[in-house]
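To start, the structure itself, in structure tokens.
The values are calculated or read from the model by the stated rules, or taken from the named source; none is laboratory data. These numbers come from a predicted model, not from an experiment. Cβ placement follows ideal geometry from the backbone for every residue including glycine, while neighbour counts extend to all protein chains displayed.
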Amino acid sequence: MKLRQLVTRPVLIAGAAGGGSAVGAAAGSVAAAAWFARRVLTPDELQPDDVAIVAHDAESVTFASGPDPDVRGRYGVWLDGGAGHARVGRILEHDELAGTVRRELIAVDRGTLQVGPARWNQYYYWDRPSISLGLPDEDLVVSSDVGALPGWVVRPAETSRSGDWAILVHGRGARKEETLRAVPVLRRAGWTCLVAAYRNDRDAPRGPDGRYNLGLSEWRDVEAAIAAAVARGAQRIVLFGWSMGGAIVLQTLHRSRHADRIVGVCLDSAVIDWDAVLRHHGRLNHLPSPLVRVARSLMGSPRGRSLVGLIEPIDLAHTDWVARADELDVPILLIHSTGDTVVPFAPAAALAERRPDIVRFEPWHRARHCREWNYDSQRWELAVSSFVGGLPERPDMLQRHGRSPAIAGAPAGGLTARHDIG
């Protein structure tokens, strides 16, 4: 979600356009707010290089110092515009005087290392499971209302728990590979993993308006993935979402026809409250808070939605799961870092505080957005394995209070409350 560098110029243009009169100022503010909203809602077509390789040898890669290369952990690096890929590990040397960081070279997976620009890859893995994980996988085409969505299925080595399925949902502007970090630990725990695509992905059909709907339409694609899993014998289902994928998962949990099969939710750096994300990026970009409120109003207004390219308005109140915490009724694992500069940490902490009966909160420090696994994979995998290992053996053992599955496509309404987490 790269908003920081994208807002300044349109805001200045809007301000200049509105400088001549009160009417012009109002029009300029609306134009700036519409532009800001479009940046949130429009899929990113370009993934620019964001790090610089300054040297390399057979055992290491040296980067110009920066927010990503300076943080410990294991990461990937896209080379040559994404055609190549390498993986790097621990920091070997941090030369503050030269402004460089030398890291362990784990492998060059494809292509050739060269001095010059590259792109950081927090996924670490670079291709489908059979290639980047060395695990047998299957293609699965999921049929949604927008068309055919490509997915991957990885089955556990032991088939005795073939009814346990995990649906893995990546974040905004990301690729399915983002979710592969969860596959080995879930597979060892006996879960079949379905790595799901959704509308507006690079390898999936566009939604009707070609815009992200912040989970309020994308959940239908996850619902279609759940239906595909159920058709293949899924009995217990865990939903796992990263960043905006977490917002999608929470909408699915509330609206799914198969909600009675969902026994747990794992959220990594998840959007718990989209309004908090908008306000956060407004502050990062030095936008007046009234302008951010106008952007929110445009998204939710039947008239204003056309200015931001939406077919259906987006009511951000439906995406605030701190306010809606009492409606949640399954165990939730929350993984989030105070070092996340993309999705603010506070809503996750607030949700954990409001629902300690169902939420297990695993706060990280220093790890950047969706990079908790990279920063400390052992801790991350232990948290996930202990969580899924503590889930009820059967969905009917999950104590739900007065819940009935929502009708797919119905507007957001009320659930009730529930317990547990591991």
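Points to keep in mind about this one:
- Against the criterion of being in the same structural domain as V154 (by TED's automatic domain parsing), aliphatic (A, V, I, L, M), surrounded by fewer than 24 Cβ atoms within 10 Å (Cβ to Cβ) and touching a His at 6+ places or on another chain (Cβ under 8 Å), A231 does not qualify.
- The one condition in (1) modelled with pLDDT of 95 or more; (2) in contact with a helix residue (DSSP H, G or I) (Cβ under 8 Å, 6 or more places away or on another chain); (3) crowded, with 20+ Cβ neighbours inside 10 Å; (4) more than 30 Å from E393 (Cα to Cα) that G304 fails to fulfil: (1)
So that you can scan it fast, the table gives a plain yes or no per residue for (1) of a type in the set (G, A, S); (2) modelled with pLDDT of 95 or more; (3) surrounded by fewer than 24 Cβ atoms within 10 Å (Cβ to Cβ); (4) within 21 Å of R181 (Cβ to Cβ):
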| position | (1), (2), (3), (4) |
| --- | --- |
| G215 | yes, yes, no, no |
| V238 | no, yes, no, yes |
| V271 | no, yes, no, yes |
| V277 | no, yes, no, no |
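- Filter result for G89 (of a type in the set (G, A, S), part of a loop (DSSP other than H, G, I, E, B) and more than 22 Å from R172 (Cβ to Cβ)): no
- Annotation note: Cβ proximity below 6 Å between a residue of region 322-342 that is in contact (Cβ under 8 Å) with a residue 24 or more places away in the chain and a residue that is among the small types (G, A, S) and part of a strand (DSSP E or B) (sequence gap 6+ or interchain) occurs for V330/G264; P331/G264.
- Cβ separations smaller than 8 Å between residues 6+ apart or across chains give the following pairs from region 269-283 residues that are more than 19 Å from H318 (Cβ to Cβ) to residues that are in a helix (DSSP H, G or I) and of a type in the set (D, E, K, R): S269/E372; H281/R4.
- Entry remark, region 96-131: residues being in contact (Cβ under 8 Å) with a residue 60 or more places away in the chain and either in a loop (DSSP other than H, G, I, E, B) or acidic (D, E) (or both) number 5 in total.
- Annotation note: of L310, L287, L298, the sole residue that is in a helix (DSSP H, G or I), of a type outside the set (D, E) and either farther than 27 Å from A352 by Cβ or at pLDDT 95 or above (or both) is L298.
- Residue in region 181-196 that is in the same structural domain as D221 (by TED's automatic domain parsing), of a type outside the set (A, V, I, L, M, F, W, C) and closer than 24 Å to V343 by Cα present: yes
- Being among the small types (G, A, S) and closer than 19 Å to A37 by Cα is a property that holds for S217.
- Unique residue being touching a Pro at 6+ places or on another chain (Cβ under 8 Å), touching a residue at least 40 places away in the same chain (Cβ under 8 Å) and among the hydrophobic types (A, V, I, L, M, F, W, C) when the list is V77, V154, V185, V141: V154
- Selection from region 218-273 of residues that are under 18 Å from R175 (Cβ atoms) and part of a strand (DSSP E or B): F240, G241, W242, D268
- Residues of region 377-409 that turn out to be at pLDDT 95 or above and surrounded by 18 or more Cβ atoms within 10 Å (Cβ to Cβ), as a count: 7
- Verdict on G134 being without any contact (Cβ under 8 Å) to a residue 12 or more places away in the chain, of a type outside the set (S, T, Y), at positive phi and in the same structural domain as V388 (by TED's automatic domain parsing): yes
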